[in-house]
Every structure is written in structure tokens, then in C-alpha cells.
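First comes the structure, then the notes that go with it.
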Amino acid sequence: MKLTKKKAAGAGAAAPGLLGKALTRRAFLQGSGLAVGGAAVAGMLPTSMMKKAKAARRIDPDQEIREVLTVCGHCSVGCSTIAEVQNGIWVGQEPALDSPINLGAHCAKGAALRNHGHSTRRVKYPMKKVGGRWERISWEQAIDEIGDKILHIRDESGPDSLWFAGSSKANNEGAYLQRKLAAFWGSNNCDHQARICHSTTVAGVANTWGYGAQTNSYNDILKSKCIVMCGSNAAEAHPVAMQMILRAKENGSHMVVMDPRFTRTAAHADTYVRFRSGTDVALIFGMLYHIFENEWEDKEYLEQRVFGMDRVREEVKKWTPDEVERVTGASEEAVYEVARIMAENRPGTFVWCMGGTQHTIGNNYVRAYNCLQLALGNIGVEGGGANIFRGHDNVQGATDVGPNPDNLPGYYPLSEGGWQHWARVWDVDYEWLAERFDQEEYDDGQNGKIKPMNSGGITVSRWIDGVLEDKENIAQRDNIRAVMMWGHAPNSQTRLPEMKEAMEKLDLLVVIDPYPTVSAVLHERTDDTYLLPAATQFEQAGSVTASNRSLQWRFQVIEPLYEHKPDKDIAYLFAEKFGFADEMFKNIEVVNKQPTSESILREINRGTWSIGYTGQSPERLKEHMENQRTFNVASLKAEGGPVDGEIYCLPWPTYGTPEFKHPGTHVLYDTSKHVLDGGGNFRANFGTEYEGENLLAEGSYSKGAEIQDGYPEFDSELLKQLGWWDDLTEEEKAEADGKSWTTDLSGGIIRVAMERGCHPFGNAKARAYVWNFPDPIPLHREPLYTPRYDLVEDYPTYEDRKVFYRLPTRYASVQATDYSDDFPLIHTSGRLVEYEGGGEETRSNPWLAELKQDMFVEINPADANDADVRNGQMVWLEGPEGGRIRIKALVTERVGRGTVFTPFHFGGRFQGEDLLERYPEGASPYVRGESNNTATTYGYDSVTMMQETKTTLCRVTPA
Amino acid sequence: MNKHHDAAVRARRRWRSMVWSMMAIVFLAMALPSAGYLFAQVGEPTGEPQRQFSEQRETNPRSDMWRDGRRGEGGFTTQTGPYVTNQLMTNVGENYRQIRQGPLMTVGGWFLVAVFLAITAFYLLTGQKKIDGGRTGRTIVRWKAYERFLHWFNAICFIILAITGLSLLFGRTVLIPIVGHQAFSSYAEFAYGAHNFVGPAFSVGVLVMIVLWARHNIPKKHDWVWFKEGGGIIGNKHPPAGKMNGGEKVWFWVGVFALGLTVIITGLIALFPNLGFQTREIMSWALIIHATAAILWMGLFLGHAYIGTLGTEGALEGMTRGRVDVAWAKQHHDLWYEDVVAAGEKPVSEEELHGRQQQGPAPGSTPAGERGT
Amino acid sequence: MARMKFLCDAERCIECQACVTACKNEHEVPWGVNRRRVIVMNDGRPGEKSISVACMHCTDAPCAAVCPVDCFYTTADGIVLHDKDLCIGCGYCFYACPFGAPQYPQQTAFGVRGKMDKCTFCAGGPEPVHSQEELTKYGTNRVEEGKLPLCAEMCATKALIAGDGNVIADIYRKRVMTRGGRPQTWGWQAAYGDDI
Amino acid sequence: MMPKKIALSAIAALSLGLLAGCGDVTLYEPGVYKGSGDETASEEAAERRADALRDRAQAAHTDR
């Protein structure tokens, strides 16, 4: 009926100007909330109710639209995007075509970012549970009550009875303050997602060649002649990285995917190898077997730059093709083929993700990959490298400067030296800081005693045991009694039934998050439970470190919605309540109880010499963001423009002060470049010799180095020996004397070393043999829950450990029981492209939630027939520790026979029960489902406490 | 008496005018689409004759998959929604388009025009078939009130459905040129709704009719004779017929029963997509069959309506008053008349009828024929 | 004259759904209505390929041919648009479209569907450019701002490309030459006829 | 009978006339849309934005 419509249209056409002005932001939010909510609700109701779904967005064409360049918060690729803001409302999203990282591209999550500026499914204001019901409270009341309770617990049980999870989603400034808050509180009991993400990578890689980060970059893959992806499903986890990978493939690069599951990434590979989950070491050594057999290794490289490869060679000899096939299931032809491709196509890059890290011997996997790349001479070259795709948007940054239980920002150790350094940076008295900690000494697990200030705290993967374990078995004063989940989704952790128990045992549970997360609903607590609304990344400014170590500046898009507060503000409020705000924020600019991101980053710049986080001043980062278009996509180097010659967003290490203008390091350990140009070599972090063997590089050095051989790391003594001491200015001398390059706050040692072409961290060999690890040579060990119990005799796990990160940790005693008869299927897990992490924020985004509405398990047709299960049917998936989940079966050949796959993003249902009632009203996500981790099992990496999620057992029965 | 007679005459006139206007609507409905062809140039066929969905003839490793994709083989999709298909591409739609825009619109349209013209020509040539020897003045009950209600209910529904249905099929060609897009869209929205809501009611009516009247329409031997003599439409033969003659039985079985059920079933398939079993393929074929059957049915309907009204003197009364003249009964349905008389029914004259009516409806054999007029 | 087309490069498409959510984001398309969808063929098996499908803006559009109220029109640069004021929600275009592009807000008894909704190539509809009516009924109008459909602009791997047929054919041809393979311009012949 | 026929034709003609009066008379041409206009559908509009769109396609889709 056109006539009536025309009339309405006419009226409407006149309205926007008036309405646009009259419309307050709050009214807009309500309107848009109704619309979006209506839409989603309609989708769940019978379709006849779907009429309500209608766009309610208003854009006034006559008013100015502000464009804000920001960075996606959903994975580590670091995609820029342009937010269009009008009247404080995020009205549009445009691709940032100039960004050299994504060239405007996004995945499902990135393309749906704008919803974060509108979502009503959030925790809108502070809430607490009173008699089992959520009640709204004020921020003042919340901080007051929580603070009092925590202080009370501290009085009774010491500072270590508070454990808190920081966040890999906080920006560098937020994450840094989280670590600093823990330090000033007097405990190392803080951790974040990196523990259950890439901790084994960081440990394995750092101990092999120096730094624990991705050596090259997504962009650098364009130069690879061969791309091997093992345990990485980039098409779903890092979709925009696939742009570079597929471009490289089009240019003739060979793409190999090795994975137990035929992933969406595998679908694009030239070669795909399926093998049994949990056998990477055997597979990689099977490849090395062929490489050594055919003398494909880079002998000169090994001689000059690698230590201990001969010892690895001995182990590799055991991995004959027959044995490899027996253990992994991969045929000799397949393994030989991949080895040949890698050998014939150099440089080649090796990519791994959670598939290679989340294992009880994850550190062995990682080092096996390293050995393979070292043998081929692929590390430290453009197009080569270990391209370790990180998970969260700032997991690299939070690892570098954030809440880690086992080190201080910049990977400074928990030893007195490390603390002294940071006390100097923070400008606080070391003694005062030390007194904040529990002064008792506890078992260090190596027949010694250690103070909590110097012992690694309880990890995020194990906090449950910190609550549930007998007090006598824990190497600290008392159990964990209060937990603060500050930007952490607990359903990404294993053993949820026990977590429920632990949560219920706590004296206090505080959840700080934009969304309620599973922490708010898993348990049946009635009181002493708080929800504090934290702002999303788009409601605050700050720097964020992508997987390639680039620190992009994320400009603030909108003011925080509702009563949300940025992480840094929350940190300030707690510090104030705990009574050390003045000390903690001594050198940080605080405006109206809100610390500024810029001043926090400057403090980070002043302290983190060890990893070169010192050159990335906020001004430099912003300048880079503003000149994105000037950067070359393959080299990430600016060609002309105001930042000519610098690498995009100064990937660390960017040594020296901002004024020193180090260009950032695109490819780590690359000897073909001058150190002032981002060149380098392997780090001398483990002394100069081991058992009489030289650990320093031999005849290999970065371009233009004045020392044309290996050399140890720089300190004032070395400078003096070399006769370079007088290159320092007088002020530098005063500061640098007696210091090393990592603790010299003047940066003089670094400056002089680099100006002479030398790398401040020395020039050594990479270690294929890591003597300080449980398995110096990476060994294959069967998973704790293995379907091949017959192999346990040959490849057993470790002995149980009494104290490991303060907790007893079981290995052999778990493996002692054979579960493979009752639980015949390998249960492995991974990501979906639509969701991220625990999934709460993405499942609360209707544009994403609509795409995956059911939790499911992928099961091979043969296994489905064995279990009498049809496609689409509801099934029970049960783990050997008793946790079980009721989910949909997806019968597919994507998984091989004997393996099932579940995504880990779901939550809001528990063992068949819907937890909807336990969410604060209106804050439940659109899609709820069983968390797969309800059915996962015990198992922790022998170096880092990484949880085992990729290889456990289960059985599937019709529900 | 006279007064009564006048009243009866007036009533009859009223009835006639009603029926005529109804007929006029029907004819207009038929005529409008056809008339449109006079105004508008007949559209050139818009599609290419037969589209090829195979894009590459060379073989390549994945050609099988793409061929399947083009053939409409389903894939996997995470999108959900009532109108989401998991097909990359399907040529179901192309078939639908070709048939609808091709034979259905051209052949179907011209078919209706041709039938209409043929009937007009026939009428102009032969004129109305009169009652042999004139009316006797005595009448006999032919259709009871509920039967007449059923008939006219269905007739009205049919006409509404026909008009609205034809509007949706031919409106763009015929009406848009006349009334423009907007007016037509408003009308079409109404027509579409009317069609969808009258349809189910009509379905019920037709089903009831089939159940109630099937027994009158069981084919008999004498029907064969009726057909051999061409139904007596031409010339002066009076082939034998029971309550239903051969022609009416054809209308019943071919029209009401076969085409009716076809139209109803296909209509319901198209009308209730929320039942869930309907794929796009089933739906589009349902629409094609629906329209084809409906057009055929309308053709038959034109004949039925002509014979029942203009074509035959005295036929319409059976459905309006419910009573027919004895002469008409003997002429057209001799076997039935004999049966009725044998069963004890006595023809009644107008006078007796009115007299009886004055005393109120007589108990027993004769139903209240005039009630409702 | 430029002729707007979509092209989805199956060698690049990784089924990441960015195109789908970009569309939802840009036009606030309600739950249950999908202007664009991704189809995976041979899901989970070697040879798996995915394609993003939406309205292809056909040269001789079947939807327009069967529409009883003639509500479709083609812009001079080849974008097939429709007028929701004229649409009666009959569903014929859904049956006719080879790509399953037309969507409706409802699916209920008695054939009530609501006004048809489909990809507009981010070119809005017949309402005044950038008006609230255009925004609510059809979504934003990017083409008028000199921008291309957001789905294509945001594609993770630049598999989905949109724009003037000559330009995107050029871009695609270069890729195919680098690849040394044969082109797979999926859906082009069906949508645009033989002269590509 | 003749008067009835004439009456019938008259009704038909009248109805047509009345219906035609409902709106502007638009003569249909196959394939040509004559509904409410869209100013952005014209040749001029397409011409006006062609260059911008061409540049945008290059910017958005080429592998820089």
C-alpha cells in the first residue's frame, strides 16, 4: 500500500534532523538494544514472531562522522579497522585498506566488531550475589566490600591466598598494571591466558634461541618457499593470516598441513598429512630422520649457529620410518615427502599453534619443531622462521609485560636482581616491596627452600588445585581463598567439574569482565560473588602487541558504555583501596583517578630493556598508525614518508630509547642485516660454554658487527674490556657502571653495542639440547590418557612431582591406569572461526551467534556407526574423569577414525543443564552450549603447566 | 393470488440480476487479462531458450565438484533461516522461470481467451437452448438449500480465486500498463492475501462437495449414449441423463475432483511453507502445477457457467430456487425425473407452492424451496 | 560503462564468514535473514572448497522476470535492486533465483513472508540516498559514496571481489596467471551470460 | 436478449475505464521498470561514480 507508506516516509524524512539531535546516547542504546535483542529473540522463537526484527540504526547524513583507527580484539593477527562514530555512537565500520597487516581484510569476528559498541548482553553495572540473586551495587560499594574481604583474607592467610587471572585481552598498559598490582600486593599468584595458549612455545623457543616470540611475521610468509603448518588451523583461528599464506602459495610456495583433523586450512594445502594426536615429536623426528639420512641439513649453519644437534641426531636415529608409522600412523611416504619438500624449498616457515602446545610434553613438541627448522637453517632468515601464531589480540604483549606468575615484565626473573631492577624503574624501595610478600620459605621442588617472592606463582591452569589441594601439599602459606577473574574465560580451562567445586569452596569470587562469562554461572554460590563491568578494548586507548611483535596503537572508539571501566582505572581503584596507589602510580599520570595509557607505556619503555620494549613510545606508535599506507606489505618497512625505513609499529626488540630510533625488528636473529637495521643473531643467555663445549656462535655474526665471531651479552665489564666504555656519555657511565644491558636504565650499553654493529644480548648458538629442561632432547612420551596403551611401556610419561609451581603434579600415577577400552576415542579440541576463547563476548554478538547455534562434536562416520549415532543427533560425550556433556553429533570425515573434535567456545550449559537462570538478567549470551572442557582431563606440561586439551580420551553415546 | 404472483416475479427478477452481475464479474475477470493483450505489446520471451549451467567444458580435477554444485548438489553452510539453501546454484529456478514465463503465460493465457471466444461464438451461432414446448408451470425440487449454499459458496470462492490468481499471473502484462506500478502493487498485495485466505476456505468447500456429490456422479451406461449424442447441445436430441448428465459428470470428475484436488494440494504446499518439507524445488513445481491446473479448470468452468446460465433455458433455476420446471427436467434429466416421480415426488404448480408456503413449510417431501430468496 | 559484478575465488575462500557478518554489520540484517551465505562443497573431504554466495546481480535477472508486480530494476551500472514498497512478498523470486538470494523476514502459514530482502550490492534502494528510509529498508548506500560492498572489501583473503567487471576480471586474471591454473569464475556464466 | 448483451459490453467497457482511472496510465515495455524512480540508477549516476568505484576496486582487492 504505497500511499500510506509514502506518508510515513515523508514524515520520517523530516524527522532525522530533529530526532537525531533529540536522541540521547542512552536512548539510542536502548533503541538499538531492543532492535538487536528483538532480532535475536525472534530467531529463537517460532519464526512467526520474527516481525520485530528491524534495524534501528540512525545515521544523520548531514552530521560529521568521525573516523577512528582501531585494532580488532579477536586474535593476534592485529587487523586494523576504521570505526565511524557519530555523536559518540559507533555507527559504521570501514575496512582499513591501508593497514599493511590485513589490507582491510577481516574474518567473521573482525567484520562484526561494531556490535561491541552496542551490546546489551553485558554486565552493565557492578553486581553482587545476595542469597543467590544478583543485585546491582555502586562501584564505590563494590571496591570497598571486595577490598575489605580480600584484606581480611590477607590478614588470615597471607597475600598468596588471593589468586588472580589477568588478561591477554587487556592492552599492554592494562596487563602491565595487572602485574604491577600483584607485585605491590605482594604475590606472584597471577596469570593469564598465555599459560594455556603458548607458554610451552615461549619456554621452548626462548630456551632454544633467545626470545619466546614468533620469529618472523604473517607478512614475511609472502617470502616463504614452503609453509608447513602443524597443529595450526589458521583458516579458522587466524583467517586473515591465510591471506598471506594463500598469496605465498599462489607464488609457488608449497603449503603442507600436518594435523589429526582435516581442517579448513588443510583443505587449501598442497600436501596434507594426518597423524595421531599427541605424537608430534615422533612425526618431526621421523622427518629429521630423512633429512639426516639424505644429508639435507644445512651443515655450515649447524656448525656456526647451533649447539647440541649431534645429540638430537642420536635420538632421531631411533625414529625409523617403521617406528614413526607405528607411533604416529603417518606413512613413510608421507613423512619423506614433507621432509623432501622442506629440504628442497628453502627458506621454509614452520607454523604451529595450540595443536602443538597444549600437551603434557608441549615443550618437547615445540623444541622438536625448532630442531627441524634449525637443521634446515630456516631460522633467522626472511621467509623462514618459526611463525608461531598467537591466540588473543594481546597475548604477546601480556606475556611480555603482563601478569605472569614466573617472571616480571620483560621476562626479568623473580630473583632478587629482577625485583631490584623493577623497584628501580618503579622508583620504590626494594625492601618495602619485599615486605609486601609472605616472608616464610617453602619447598622449591628441588630439595631447597624458597621465598614466595622468588618462586613462581600458581598458574591459571592449576588454580583449581590451589583451592582444592590439601594445605600441607601446597608450597605456600594457605590455600587460595579468593579468586579474581579479570578478563578470563574459565571454560577455556580443563576439568570444569572440579572448577565448579573449587569456585564453590572459595571465600570470595570476583569477576571483572565486559560480559558475565562462565565464571558468573558455573557455580552455585549464593554470596561473596561480585561482577565488575570492565570496558572492552574499543572503549579505551592503548598499545597492543600483535603476534608479529608489532605494537599497534589502538585509539579509543567510544566512551565506555553503561558503568564499564577500563582495566587501568580498575587497577587504580584497587591500588587505592589496598593503600599503595601513591607508590604504584608514582611515575604515572593519573587524571581523575584514571591513569593515562601514554604515561603507563612510557613507564614500560623505561623498564623493559631485555626485550626491546623501550623504543616504542606512544608518539612513535601513533605516527606509525597514521602512516600505515607507507609500509611495504612484504617487508613491513616504510618506504618514504615520515617514518621512512622503520618497521611497521616497531616490532620488538626495538632497542634503546625512542630517541635512538631503532627501526624495530621484523625478522629475529637475521644476520644478513645490521643490528641498527633490525638484524641480529641468536642470544647468549646460557653462558659461554656447556660441559666444555663452546656455546657462542662460530664465524657467524650480524652484518657490520665489529666483533666478527660469537660474543657474550653486554655489560659494563665487557664494554671496558673491549675499550668501548668511553663511547658512553658521562651520565650514561654513571648509570651503567656495574650494570648489564638489561638493567642499565640509561640505555647507554645498548647504544654503544649497537652502534658498533653488535647485538646487546650477545651472539651465541641456538640450543637444540636444552639441559635445564626435563627432557633436554625432546622425547616422545605417550599422553596421560592414551588410546595406545601398548606404547606406554616404550614411551612412558614422567614421574609424579611433589612441588611444581607450588603444587603436587601427577604424571605416572595418572598414566598407570589404562582407560582406552572404556574410552576408545581421542578427544581433541580447537577453535571455530565465529567465536573466540571462552566465547562469551562473541556468543553475545548476534551477528556471530547466529552462525553457530549449537555445540557439537565432530565424529568420523565409522565411529558414529560404532556408537550408533546419527548426524545431528544429541549425544553424551564422556571423559574418563567423569565429566560429560550433552551435545550434537556432526558426522564427518574431517576427523579420522578414532578421533573426535569439539570446539571450546561454548558455555552456559553444564552436564545437560541450562544455566540461563544464573546469569544476571539480560546479560546471558544469545547462544549457550556445553563447554567441552567439562569432559577434558588432567595433564600439565612438565615445564610450564600448560594444560592438556588436545589429546585426551572419551566415549560417545546416544543421548 | 396475484399479489403473490407479483412478489414471485419480483423475487425472480432480483435473483436474475444478481446472477447476471456475478456472471459479468466472471466474464470481466476472464476478459481483463485477455483484453490486455490488445493494449500491450506481447512481451518477447525474456529468457534465453535453454540456459547452460556448465561453464567450462574442459575437464579439470575439480570439475565434478563444480558440476555437482551447478546441478544444485547441496553443500554445508552455517547460515540458518527459513530461506537459506545449502545449494551453490540450482536450475530449478530456471525451469520455473521458463515454464512460467513461457507456456504457462502464453499458452495458458491464449487458452482462456480461446475458450471464451469459442463460447461467445457458439452462443451467437446457436443462441439459448430453449425448453421444448415451453414451461409447464409445474416445478420439482432439484437442489436442496444446503446444496445450493455449497454450490454458491464454492462458486464465489472460485471466482475470487480465479480473478486474484489471474491477476498475479497476468497483472504485470495486463494491468500494470493500465493502472501503473503502485496501484497495481496495492491491488496485488490485496489479491495475494485474498487468494491465500480464500483458498483454504475453498478447499474445504470443494472437499465437502466431492464427498456429498460423488454419488450423483457415478458413471452409468447411459452416460455413454449421452456422449455419443454430443449431450444434445446441438440439434434436438434428448440423450438420456440421470440427476447428472454426462457433461456434468465430466465437470465433476475432471474439474472438481481431479483439477480441484490438484489445485488444492499444490496450493496448500505453496501456502504453508512452514510445514518444513517443502524444498525450493517442490515449491516451485507446486506453483507451476497449481497454475496449470487452475487455468484448465477455469476453461472448464467457463463452459460449465455458460451451459448453466445463458446456454440453457431453465437450468439456473435449479441452483437458485432449487426447483426446476417439469418440462426442463424431462428434457435434460429424464431418468432422474422418472426416478423422482417413481419415488413419490409430485410436481407442484406455482399456485400450490405459494399456497403451501403461506401455510408454512409443509412437513414431508418438499423442502422449503424459496427460503432465502 | 562500468558493470558491477561479484566474483568469488574458490582457491582463496576459507569459509571464514567475514562476508556474512560484514553484511549483517553494515545493514543490520536481522537474525534469520541472510543476504549472503557461504557454501562448502565436499565439506571435510579432500577437495573441499567454499564459495560465498549472494545476489549476483544478473544481467538478465530471473527474479525480475517472474516478479508479478515488476518491483525489480537494474541500475545503469548493472546492479539489480528492488522496491520494497511494491513487493508483495509472494516468494516467486526465491523460486526463480539460481543462487537462492532472496530472503524474507518471516515464514508463516498462508504464505505471509513480508517484503523480500536481498543483497543490494550496498547500493540501497529507490528511497532518497542516505535517507533514514533507505537505511531502514535496504541498508546503507556505499556505492553512492564510491565504495564497494563491504563483504568484498572485508574479505579475509580477498577471495570475494566486487566491482566493475573489467577491473575485477583483470585482478582475477593476474592471480590465475600467477597460479598457473585455470580460472574458476564460479557462477559468472549463469549470472552474466556468455560475454564475460 | 440483445439489450442484455449490450448492457454487458457496456459494463465491461465502463469497468475498464474506471480501473484505468485509478492511476497514471503507464504503458508497459518488457524489461523496463517504471515504478517509483531511483535517482541513483541512472546513466549519469553510474557515470559519476564509475571512476571512484574503479579506484576502490583496485585499492580493496589487489594484493598490495
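Under 5 Å between amide hydrogens, built in the peptide plane, is the criterion, and for A:Thr892 it picks out A:Ile859, A:Asn860 among residues at least 5 positions away or on other chains.
Both chains summed, the buried accessible area for C and B stands near 5600 Å², from protein heavy atoms and a 1.4 Å probe. Couplings 3J(HN,Hα) for segment A:453-465, derived from phi with the Karplus relation 6.51 cos²θ - 1.76 cosθ + 1.60 (θ = phi - 60°), are 4, 10, 9, x, x, 6, 8, 5, 6, 10, 4, 4, 6 Hz, where x marks Gly and Pro.
Any chance you could give the angle, 0 to 90 degrees and rounded to 10, that helix C:18-27 forms with the longest Cα principal axis of chain C? Between the helix axis and the principal axis of chain C, the angle is about 30 degrees. Modelled this way, with points 7 Å down the Cα-to-C-beta line, the labels at C:Phe110 and A:Val591 are 6.1 nm from one another. A dipole drawn for segment C:4-192 from +1 and -1 charges on Cβ atoms has a positive end, and of C:Thr120, C:Phe94, C:Ala191 the residue lying farthest that way is C:Ala191. Calculated over segment A:800-959, the projected area of the Cα convex hull averaged across directions stands at 10.6 nm². For the residues of C:74-81, the average number of beta carbons from a partner chain within 10 Å of their own beta carbon is 5.
The label-point distance for A:Lys505 and D:Glu47, in a model that sets each label 7 Å from Cα toward Cβ, rounds to 8.0 nm. Residues in segment A:650-661 carry Karplus couplings, in order, of 6, x, 6, x, 10, 5, x, 6, x, 5, 5, 6 Hz; the curve used is 6.51 cos²θ - 1.76 cosθ + 1.60 with θ = phi - 60°, and Gly or Pro positions show x.
Packing around the peptides A:234-243, C:6-15, taken as the average count of other Cβ atoms within 10 Å per residue, puts them in this order, highest first: A:234-243, C:6-15. Rg ratio for the protein assembly as shown: its Cα radius of gyration over 2.2 N^0.38 Å, N being its residue count, equals 1.11. Cross-link candidates for A:Lys249: which lysines have Cα within less than 27 Å, leaving aside residues fewer than 8 places away along the same chain? The qualifying lysines are A:Lys109, A:Lys223, A:Lys225, A:Lys637, A:Lys673, C:Lys5, C:Lys49, C:Lys158, C:Lys174. For segment B:101-203, the square roots of the Cα gyration tensor eigenvalues, ordered a ≥ b ≥ c, give a/c of at least 1.5 with a/b no greater than b/c, which places it in the oblate category.
In terms of the mean number of neighbouring beta-carbon atoms within 10 Å, the peptides A:579-587, A:766-774 order highest first as A:766-774, A:579-587.
Chains C and A together bury roughly 5000 Å² of accessible area, counting both sides, with a 1.4 Å probe on protein heavy atoms only. The Cα trace of segment A:260-331 gives Rg and Dmax of 14.2, 39 Å, the first to one decimal, the second as a whole number. Along segment A:702-714, what does the Karplus equation 6.51 cos²θ - 1.76 cosθ + 1.60 (θ = phi - 60°) give for ³J(HN,Hα), rounded to whole Hz, x for Gly and Pro? Rounded to whole hertz, the list is 6, 3, x, 5, 6, 9, 9, 6, x, 8, x, 6, 7. Near A:Glu646, the amide H atoms lying under 5 Å from its own belong to A:Ala638; only residues 5 or more places off or on other chains count, and H is placed 1.01 Å from N. Charge dipole (Cα centre; +1 on Lys/Arg Cβ, -1 on Asp/Glu Cβ; no other charges) of chain A amounts to roughly 4300 debye.
Percent antiparallel among DSSP beta bridges with both residues in the protein assembly as shown, to the nearest 5? Restricted to the protein assembly as shown, the bridges split so that about 65 percent are antiparallel. If you roll a 1.4 Å probe over the protein assembly as shown with all protein chains in place, what percent of the accessible area is carbon or sulfur? Carbon and sulfur: 54 percent of the exposed surface of the protein assembly as shown.
Remark on C:Gly124: its backbone amide H falls under 5 Å from those of C:Arg142, a criterion applied only to residues 5 or more positions apart or on other chains, H modelled at 1.01 Å from N. Calculated FRET efficiency, A:Glu730 to A:Asp429, Cβ-Cβ distance, R0 = 25 Å: about 0.40 to the nearest 0.05. Helices that extend 27 Å or more along their long axis by alpha-carbon positions and average at least 0.5 on the Kyte-Doolittle scale are, among the DSSP H runs of chain A, A:25-44. The eigenvalues of the Cα gyration tensor, multiplied by 5 and square-rooted, give segment C:4-192 an equivalent ellipsoid with semi-axes of 27, 18, 16 Å from largest to smallest. Computed from the C-alpha gyration tensor, the three semi-axes of the ellipsoid equivalent to segment A:510-649 are 34, 19, 14 Å, from longest to shortest.
A 1.4 Å probe, protein heavy atoms only, puts the accessible area of B:Thr126 near 70 Å². Ellipticity at 222 nm from helices only: DSSP H runs of n ≥ 4 in the protein assembly as shown, each -39500 (n - 2.57), divided by the residue count, give -11500 deg cm²/dmol.
Residue by residue along B:166-175, Cβ atoms of other protein chains within 10 Å of the local Cβ number 3 on average.
For chain C, the longest principal axis of the alpha carbon atoms and the long axis of helix C:165-179 meet at an angle near 30°. With an a/c value of 1.5 or above and a/b larger than b/c for the gyration tensor axes a ≥ b ≥ c computed over the alpha-carbon atoms, segment A:631-726 is described as prolate. The calculated FRET efficiency for B:Lys130 paired with C:Lys174, based on their beta-carbon distance and R0 = 60 Å, is about 0.10. Look at the stretch A:92-105: the mean tally of other chain Cβ atoms within 10 Å of its residues' Cβ atoms is 5.
Label segment A:248-396 by shape, choosing from rounded, prolate and oblate, from the square roots a ≥ b ≥ c of the eigenvalues of the Cα gyration tensor; if a/c is under 1.5 it is rounded, and otherwise prolate applies when a/b is larger than b/c, oblate when it is not. Rounded, since a/c falls under 1.5.
Surface exposure of the protein assembly as shown, expressed per residue as accessible area with a 1.4 Å probe, stands at 34 Å². If only the Cβ of Lys and Arg carry +1 and only the Cβ of Asp and Glu carry -1, the dipole of segment C:4-192 around its Cα centre is close to 760 debye. As a rough guide to protection, the peptides A:400-409, B:193-202 ranked by mean Cβ packing within 10 Å, highest first, stand as A:400-409, B:193-202.
The values are calculated or read from the model by the stated rules, or taken from the named source; none is laboratory data. The structure displayed is predicted, hence computed values, not measured ones. Positions of Cβ are backbone-derived with ideal geometry, glycine not excepted, and every protein chain shown enters the neighbour counts. Keep in mind that these areas ignore ligands, DNA and RNA; they rest on the heavy atoms of the full protein, side chains included. Shrake-Rupley method; radii C 1.70, N 1.55, O 1.52, S 1.80 Å.
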